[in-house]
Amino acid sequence: MNADPKKAFEWYQKGADEKDAQAMLNLGNCYYYGMGTEKSEKAAIDWWKASADAGNAYAMAQMGDCYYFGLGVDKNLARAIDFYTPAADKNITSALYRLGILYYTGNGVDQDQTYAKLLMQKARDGGMQEAQEFLNKNFQ
């Protein structure tokens, strides 16, 4: 069975039009990677934001990454934290990891290495190898 990116895009668009948060996330991915449509960073971010606003924790983490790294938006750690925090509350490992780094360094938040360690442990427990490496390097 061959995947048809244009057909997938059409189905994600229909779901997104119905306010399905997962479809909005997937539609954003289609725009970001140019799968079944023209690449558009702006459209990707708009759909990821809509998905995050609809409660999709993976989209929250994705938007956190956009602001953390300055991908398609101005780098803004306060906005990254606004998105990472609810995603971390839902145990999204990438959000736990990035938020852990921010609390460890005190970038954008009051430094709290105890909380940083807890976040990293949760990310590790969720299967993120980088979190274990961070723990090994910084908490031995």
Expected single match for closer than 22 Å to A50 by Cα, without any contact (Cβ under 8 Å) to a residue 24 or more places away in the chain and outside the structural domain of G28 (by TED's automatic domain parsing) among R79, R98 is R79
Picked from region 50-65 (must be surrounded by fewer than 24 Cβ atoms within 10 Å (Cβ to Cβ) and farther than 12 Å from Q22 by Cβ), the residue nearest to the chain's Cα centre (by Cα) is D65
Within region 28-61, of all residues that are part of a helix (DSSP H, G or I) and free of Cβ contacts under 8 Å to residues at least 24 places away in the same chain, the one nearest to D89 (Cα to Cα) is D53
Flagged pairs (Cβ under 7 angstrom, 6 or more apart or on separate chains; first in region 125-140, assigned by TED's automatic domain parsing to the domain that holds I101 and surrounded by 10 or more Cβ atoms within 10 Å (Cβ to Cβ); second acidic (D, E) and assigned to a helix (DSSP H, G or I)) are none
Self-check item: Qualifying residue in region 131-140 (condition: in contact with a Gly (Cβ under 9 Å, 6 or more places away or on another chain) and basic (K, R))
Solution: no
* **Residue match in region 75-97 (condition: among the small types (G, A, S), over 13 Å from the mean Cα position of the chain (by Cα) and surrounded by fewer than 18 Cβ atoms within 10 Å (Cβ to Cβ))** => yes
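The values are calculated or read from the model by the stated rules, or taken from the named source; none is laboratory data. The model shown is predicted, which means the values in this text are computed figures rather than measured ones. Cβ sites come from the backbone with ideal geometry, for glycine too, and all protein chains shown count toward neighbours.
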